[in-house]
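Trainee: Take this structure first; my questions come after.
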Amino acid sequence: MQQAVELDLRGRLAIVTGAGRRQGIGAAICRALASHGANLFFTYWQPYDEQDRVCLDPDGPAALIAELKQFGVAAAAAAFDLADPGVIPQVFAAVAALGQPMILVNNAAYSTRDGYQQLDAATLDAHYAVNLRVLALLSVEFARRYSGEPGGRIINLTSGQSLGPMPEELAYIATKGAVEAFTRTLAVEVASKEITVNAVDPGPTDTGWMPPAFKAELQATMAFGRIGQPADVARLVTFLASDAAAWITGQVLHSRGA
């Protein structure tokens with residue numbers, strides 16, 4: 001019975017960035033939080049999704065809102081280009097219609113292939129803007145506005161850059177690696193406001209982007225004989241958002257099934 005109480009998120013409002021695709025990690029996180037009673041506000045940016053037609057889900061945001069409301073929670077969303085630092089006050093203004101947020105999940109990400117032959121300033125800047133700058137600015141604004149009651153949560157998504165190389169993704173690993181360092185230090189700074197700050201590395205996750213040959217090759221290397229699913233990430237994020245994780249902060253959790 002105590003465990004059920006600690007995972008109860010009723011009355012809490014969560015912001016989740018980058019949740020416009022129903023098959024994606026952000027959408028799975030929204031569903032998991034809502035299933036435990038949290039109200040949801042999520043952001044999406046379909047012009048980025050349009051760069052990869054395989055992952056495009058034009059009806060995703062509206063369909064996800066409808067799904068979340070079936071859990072009996074409030075749910076809303078808005079399109080924001082998170083590469084623009086000016087959107088920070090706009091995000092919080094939009095969230096205010098639902099109340100005071102207690103949970104922030106920085107899930108949105110920008111990723112392209114590069115490698116040392118192709119890497120240039122524009123590529124670095126594009127990754128920095130979404131993967132680190134807006135994550136940092138949303139996090140500190142969340143902390144500044146937070147009431148100080150127990151239960152504040154900031155959860156960042158990273159990709160295990162500290163575990164090994166990711167060839168041909170130099171801009172991505174540089175910015176995501178910085179997220180881990182940012183997480184550890186921000187956790188110390190905002191602990192006095194009853195906010196925990198943690199990062200989750202889900203490892204390779206099947207969100208629809210994997211070509212069949214790559215998927216088969218990767219699956220053969222996995223300890224459990226399968227590739228991670230968005231729901232796997234969502235369960236861990238829900239735990240970190242709950243009272244059960246009140247004593248965990250400044251950590252990077254590698255949930256890779258291996």
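Trainee: May I ask you to verify whether Leu138 is touching a helix residue (DSSP H, G or I) at 6+ places or on another chain (Cβ under 9 Å), open to solvent by less than 10 Å² (accessible area, probe 1.4 Å) and of a type in the set (A, V, I, L, M, F, W, C)? Give the derivation first.
Mentor: Working: touching a helix residue (DSSP H, G or I) at 6+ places or on another chain (Cβ under 9 Å): yes; open to solvent by less than 10 Å² (accessible area, probe 1.4 Å): yes; of a type in the set (A, V, I, L, M, F, W, C): yes.
Judged against the criteria, Leu138 is a match.
Trainee: Could you list, in sequence order, the residues of region 188-215 that are under 22 Å from Tyr110 (Cβ atoms) and of a type outside the set (Val, Ile, Thr)?
Mentor: Residues of region 188-215 that are under 22 Å from Tyr110 (Cβ atoms), as a first pass: 197-211, 214.
Of everything in region 188-215, those that are under 22 Å from Tyr110 (Cβ atoms) and of a type outside the set (Val, Ile, Thr) turn out to be Asn198, Ala199, Asp201, Pro202, Gly203, Pro204, Asp206, Gly208, Trp209, Met210, Pro211, Phe214.
Trainee: Please count how many residues of region 204-258 are at pLDDT 85 or above, among the β-branched types (Val, Ile, Thr) and in a loop (DSSP other than H, G, I, E, B).
Mentor: The total comes to 4.
Trainee: Then there's this: What residue, of Val91, Val16, Val105, is farther than 29 Å from Pro211 by Cβ, surrounded by 20 or more Cβ atoms within 10 Å (Cβ to Cβ) and of a type outside the set (Phe, Trp, Tyr)?
Mentor: The match here is Val91.
Trainee: Exactly one of (1) without any contact (Cβ under 8 Å) to a residue 60 or more places away in the chain; (2) closer than 25 Å to Arg235 by Cβ is unmet by Thr207. Its number?
Mentor: Thr207 satisfies every listed condition except (1).
Trainee: Restricting attention to region 180-219, and to residues there that are more than 20 Å from Pro165 (Cβ to Cβ) and small (Gly, Ala, Ser), which single residue is least open to solvent (accessible area, probe 1.4 Å)?
Mentor: Within region 180-219, the match that is least open to solvent (accessible area, probe 1.4 Å) is Ala187.
Trainee: Does Arg144 meet the test of being farther than 30 Å from Arg10 by Cβ and of a type outside the set (Val, Ile, Thr)?
Mentor: Details: farther than 30 Å from Arg10 by Cβ: no; of a type outside the set (Val, Ile, Thr): yes.
When the stated conditions are applied, Arg144 does not pass them.
Trainee: Between a first residue in region 233-246 that is farther than 24 Å from Gln23 by Cα and open to solvent by 10 Å² or more (accessible area, probe 1.4 Å) and a second residue that is modelled with pLDDT under 95 and in a helix (DSSP H, G or I), which pairs have beta carbons less than 8 Å apart while being 6 or more apart in sequence or on different chains?
Mentor: Asp243/Val5; Asp243/Glu6; Ala244/Gln3; Ala244/Glu6
Trainee: Within region 163-179, track down each residue that is open to solvent by 20 Å² or more (accessible area, probe 1.4 Å) and hydroxyl-bearing (Ser, Thr, Tyr). If you could, list the steps in order and put the result at the bottom.
Mentor: To start, the set of residues in region 163-179 that are open to solvent by 20 Å² or more (accessible area, probe 1.4 Å) comprises 163-170, 172-174, 177-178.
Of everything in region 163-179, just one residue is open to solvent by 20 Å² or more (accessible area, probe 1.4 Å) and hydroxyl-bearing (Ser, Thr, Tyr), namely Tyr172.
Trainee: Filter region 19-60 for residues that are over 19 Å from Gly228 (Cβ atoms), part of a loop (DSSP other than H, G, I, E, B) and open to solvent by less than 10 Å² (accessible area, probe 1.4 Å) and give the result.
Mentor: The answer is Gly20, Ala38.
The values are calculated or read from the model by the stated rules, or taken from the named source; none is laboratory data. Given the structure is predicted, the values throughout are model-derived calculations rather than measurements. Here Cβ is always computed from backbone atoms with ideal geometry, including for glycine, and neighbour counts include all displayed protein chains. Heavy atoms of the whole protein, side chains included, go into the accessibility calculation; ligands, DNA and RNA do not. Shrake-Rupley method; radii C 1.70, N 1.55, O 1.52, S 1.80 Å.
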